[in-house]
Amino acid sequence: MIEVKDLHKYFGALHVLKGIDLTVQKGEVLSVIGASGSGKSTLLYCINALETIEQGEVIVDGVSVHAKSTDINKLRQNLGMVFQQWNSFPHLTATENVALAPKIVSGKSRQEAREIAVKQLEHVGLGDKLDVYPSALSGGQQQRLAIARALAMEPDYMLFDEATSALDPELVGEVLDTMRLLAEEGMTMICVTHEMGFARDVSDRVAYFHQGMMEEIGPPAQIFGEAQSEQTRKFLANVR
Amino acid sequence: MDYTFHWRPVFRALPDLLDAGLLTMEVAILSMVIGIVTGLLLALARLTGAAPLRWFATTWIEVARNTPALFQLFFFGFGLGAFGIHLSPYFIVLVGLSFNNAGYLAENFRGGFQAVPPTQLRAARSLGMTATQAYVRIIIPQVLRIVYHPMTNHMVWAVLMSSLGMLVGFRELSGETQFFASKTFRIFEYFAVTAVIYYVIVKVILALSRLIGWRLFRY
Amino acid sequence: MNATTSFFTGFQFSDLGFLAEAAGRTLLISVISVAAGTVMGCIFGWALQAGRWWIEITLGLVLDAFRSVPLIIQLILFFNFFPLVGLPLNPFFSGAIILSFYTSALVANVARGGIEAVGVPMRRAARSLGMTYWQDMRYVVWPIGLRAVFPSWVGVALSVVKDSALVSVLGYVELLRASQILITRTQEPFIILALAGAFYFALSYPLSQYSARLESRWKS
């Protein structure tokens, strides 16, 4: 379970997150929507402590993420993250990309790490690209590689930061399919996304962020059908 | 032109010259290895270090880049004498070249670090890697590729610079040539042959580094 | 008088004049070589870019040799070669000639890079407007190419200033040679080297900073 309590985040004088309260249950898929600059990506970075926070608390499975005593590197293994810019490691082959962290972070043997890598690459449909360097992969394939890389740490949670925003339109589908597959397998996911179709069809709940605050949260039917907030309705009217 | 060239004494000295050529290579390669390690540290210090460390690195880099290499050799040669430190010619050249290499390479590395997207570090950290693991496994290999070409050029430069050893009494290829030339007064012939040897050394280094680069960076 | 009776004498105020004069000689030979080398280098660079294949290959090989043999060897070699062909030149002239050719080899690469930086489409566009080859060179290639490679040229010029110290091997008393002479006499290496180093630094550092700033400004 991920619990976010009264979370405040500043970039200098800029107040990006203004008191977020949010709970994500095991097995749940949460989509976070909202305009750019609404703080939704920052929320993800705060959850796995790639950003510091100024006030409040993030608790993952009972462990306070930002506490000094927390072994953040250990915690992050349980929180897979996929970025907008897919960030595949260009100097490593697909298999090496995926196998590196199991090997040096979880201390798996070379053989084990490779087996995990092959399994996860097949999982995301890259079983035929094992020894290819990222430069020879399309954007969509690189993004699936990034998903496999995160899955290789066997995380309980996956955080997606606009995983399809940087892709050419014709490549968006394959990545969304992979995310859908994970959701069906019961992965707990927080997806910051601009894909309203995905948010509506795949998520259990949808949260709408506006100017650093969570304006509204509820099942897709509520958000897309009978949104309670005027802001939410306005936003959705514009994106559709 | 009533001068007759005498090449025979030069050819008789050729084995000695080639030996000295090996010494040139040795000093150049060693100074590159030291320069790469030191240059990496200087670049990191300049990019991320605390103020005094940053200041130290910046001074080193700027002095190395903005004064003649010969000045730097003189400094390690007799400038240090003011503090009672006297290095042998071999070490004057090795230390001087390493100092110079480190300064130039540090700037290359700094550019390399800035060319690797900062999101790479984030991605690595998000997988649970420590900062050190992320640097060693993800960032530095990419930096090395970016700076590989300028680095091979600098390797050539290190070979050429080592010829300054002649002026501080070191008998690498140039020093050895001068030694023979001054014994026989066949200055032109000796230095012509030495020029050819340098040319060959440089070409061999460039060919080798291309081969190594081709093996190393397949992506 | 003292200087002749005792071998070692301390660093004196008048020695500053000696150093300043030598610094002037460093500047003189550098400026001449950079100027001549730049003119020749631009011509060579153009020939490399626009010349027939055999010009490109021969010129390329010759210029590459200048960059693949230590400057100090080149200096000694040609200084000893000139008299053999009946052209005994003093150290200054030999030094300036060789340094100019050495500079031209470095500038040629820069110049060629500048011409290539302009790109074929832009030049086709210029020619399609009815410009002659030389008009295209003058009004399109020159201003754009210059901008692209000016910072590299500053780098070359500064490296020639520093490399000019090597002409001392021919007996030309430039700044470093003068420092060496003074050090032998005064046995005060630290202060004298510090002065010499400070001179080079004061010349090179501001210019290299300036060109780095230009480069980053022009890039964006």
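Between A:GLU154 and C:TYR139, the modelled label-to-label distance comes to 7.2 nm, taking each label 7 Å out from Cα in the direction of the beta carbon.
Placing unit charges on the Cβ atoms only, positive for Lys and Arg and negative for Asp and Glu, gives the protein assembly as shown a dipole magnitude near 1620 debye about its Cα centre. Orientation-averaged projection of chain A equals 13.1 nm² [convex hull of Cα atoms, one quarter of hull surface area]. With neighbours defined as other Cβ atoms within 10 Å of a residue's Cβ, the residues C:VAL149, C:VAL156, A:VAL132 order from fewest to most as A:VAL132, C:VAL156, C:VAL149. Across region B:24-33, computed HN-Hα scalar couplings (Karplus, 6.51 cos²θ - 1.76 cosθ + 1.60, θ = phi - 60°) run 4, 4, 4, 5, 5, 5, 4, 5, 6, 4 Hz from first to last residue, x flagging Gly and Pro. The simple Förster model, with R0 at 60 Å and r as the Cβ-Cβ distance, assigns B:VAL37 and A:ASP201 a FRET efficiency of 0.65. Listed by Cβ neighbour count within 10 Å, with the fewest neighbours leading, C:TRP46, C:TRP54 appear as C:TRP54, C:TRP46.
With a Förster radius of 22 Å, plug the Cβ-Cβ distance of B:PHE185 and B:ARG8 into 1/(1 + (r/R0)^6) and report the FRET value to the nearest 0.05. It would help to have the intermediate numbers written out before the result.
On the way: r = 14 Å, r/R0 = 0.65.
FRET efficiency, B:PHE185 to B:ARG8: 0.95.
The 3J(HN,Hα) values that the Karplus relation (6.51, -1.76, 1.60; θ = phi - 60°) gives for region B:67-75 are, in residue order, 10, x, 4, 5, 4, 5, 5, 4, 4 Hz. Gly and Pro appear as x. Going by a ≥ b ≥ c, the root eigenvalues of the Cα gyration tensor, does region A:1-77 fall in the rounded group (a/c under 1.5), the prolate group (a/b larger than b/c) or the oblate group? It is oblate, given that a/c is not under 1.5 and a/b is not larger than b/c. For chain A, take the longest principal axis of its alpha carbons; what is the angle in degrees between that and the long axis of helix A:169-184, to the nearest 10 within 0 to 90? Compared with the principal axis, the helix lies near 90 degrees. Going by Cα centres, region B:154-219 and region B:1-24 are how many Å apart? Cα centroid of region B:154-219 versus Cα centroid of region B:1-24: 14 Å apart.
What is the Cα centroid distance between region B:73-93 and region C:27-74, reported in whole angstrom? Their Cα centres are 35 Å away from one another.
In nm², what is the average projected area of the convex hull enclosing the Cα atoms of region C:91-220?
Numbers: hull surface 40.0 nm².
Orientation-averaged projected area of the Cα hull: 10.0 nm².
For A:PHE209, the residues whose modelled amide H falls within less than 5 Å of its own, excluding neighbours fewer than 5 places apart on the same chain, are A:ILE33, A:GLY34, A:GLU215. Just list whichever of A:LYS5/A:LYS68; B:LYS203/C:LYS219; A:LYS9/A:LYS119 have alpha carbons separated by over 28 Å in the model shown. Distance filter (> 28 Å) returns B:LYS203/C:LYS219; A:LYS9/A:LYS119.
Remark: mean inter-chain Cβ contacts per residue of A:198-208 equal 0, using a 10 Å Cβ-Cβ cutoff to other protein chain atoms.
Ranking B:ASN101, B:GLY49, B:GLN142 by Cα position along the charge dipole of region B:8-216, where only Lys, Arg, Asp and Glu carry charges on their C-beta atoms, puts B:GLN142 farthest toward the positive end. Each residue of region A:3-13 was assigned a 3J(HN,Hα) from its phi angle through the Karplus curve 6.51 cos²θ - 1.76 cosθ + 1.60 (θ = phi - 60°); the sequence is 10, 10, 10, 6, 7, 10, 9, 10, 10, x, 8 Hz, with glycine and proline shown as x. The residues A:GLU216, A:GLU112, when put in order of fewest to most other Cβ atoms within 10 Å, stand as A:GLU112, A:GLU216. Within chain C, helices built from complete DSSP H runs that reach 27 Å or longer along their own axis (Cα positions) and carry a mean Kyte-Doolittle hydropathy of 0.5 or higher are C:13-50, C:91-118, C:142-163.
Grab the beta carbon distance between B:ILE29 and A:ARG180, set R0 = 41 Å, and tell me the FRET efficiency rounded to 0.05.
The formula returns an efficiency of 0.15 here.
Which residues' amide hydrogens lie under 5 Å from the amide hydrogen of A:CYS191, considering only partners 5 or more residues apart or on another chain, with H built in the peptide plane? Distant-sequence amide H within range of A:CYS191: A:LEU30, A:SER31, A:VAL32, A:PHE160.
With a cut-off of 13 Å between beta carbons, the residues surrounding A:GLY140 carry a summed charge of -2, where Lys and Arg count +1 and Asp and Glu -1. Between the amide H of B:PHE217 and any residue lying 5 or more places away or on another chain, no distance stays under 5 Å, with hydrogens modeled in the peptide plane. For the residues A:GLU162, A:GLU57, A:GLU184, a GNM of chain A with alpha-carbon springs under 10 Å puts the largest fluctuation on A:GLU184.
Could you tell me whether region B:8-216 comes out rounded, prolate or oblate from its Cα gyration tensor? Rule is a ≥ b ≥ c as square roots of the eigenvalues, rounded for a/c under 1.5, then prolate if a/b exceeds b/c, otherwise oblate. Oblate is the answer for region B:8-216, as a/c is 1.5 or above yet b/c matches or exceeds a/b.
Listed by chain and number, the aspartates and glutamates whose alpha-carbon sits under 13 Å from that of A:LYS234, ignoring those within fewer than 8 places in the same chain, are A:GLU215, A:GLU216, A:GLU226. In region B:8-216, Cα pairs under 8 Å separated by at least six residues give a relative contact order of 28 percent. As a length-normalised measure over Cα pairs under 8 Å and 6 or more apart, the relative contact order of chain A settles at 26 percent. Under the criterion of Cα pairs below 8 Å and six or more residues apart, the relative contact order for chain C equals 32 percent.
Label sites at C:ILE57 and C:PHE201, each approximated as a point 7 angstrom past Cα along Cα to Cβ, lie 5.0 nm apart. Across peptide C:186-195, the average count of Cβ atoms from other chains found within 10 Å of a residue's Cβ is 4. First check a/c for region C:20-110, with a ≥ b ≥ c the square roots of the eigenvalues of its C-alpha gyration tensor; if it is under 1.5, answer rounded, and if not, answer prolate when a/b is larger than b/c or oblate otherwise. Since a/c reaches 1.5 but b/c is at least a/b, the shape of region C:20-110 is classed as oblate. About the centre of its Cα atoms, chain C shows a dipole size close to 780 debye [charges on the beta carbon of Lys, Arg (+1) and Asp, Glu (-1) only; nearest 20 debye]. Largest GNM mean-square fluctuation across B:GLY79, B:GLY128, B:GLY103, computed for chain B with C-alpha springs under 10 Å, falls on B:GLY128.
Take every DSSP beta bridge whose two residues both sit in the protein assembly as shown; close to 55 percent of them are antiparallel.
Helix content alone sets the calculated 222 nm mean residue ellipticity of chain A: runs of n ≥ 4 DSSP H residues at -39500 (n - 2.57) each, divided across all residues, give -10500 deg cm²/dmol. As a rough guide to protection, the peptides C:83-90, B:158-165, C:186-193, C:96-103 ranked by mean Cβ packing within 10 Å, highest first, stand as B:158-165, C:96-103, C:186-193, C:83-90.
Residues considered: C:PHE44, C:PHE150, C:PHE11. Largest GNM mean-square fluctuation over chain C, using C-alpha springs under 10 Å, is found at C:PHE11. Relative to the 2.2 N^0.38 Å rule of thumb, the protein assembly as shown has a C-alpha radius of gyration ratio of 1.23.
Taken together, the values in this text are just the output of simple stated rules run on the coordinates, not laboratory data. The shown structure was predicted, so the numbers you read here are calculated from the model rather than taken from an experiment. Every residue, glycine among them, receives a Cβ derived from its backbone with ideal geometry; neighbour counts consider all protein chains shown.
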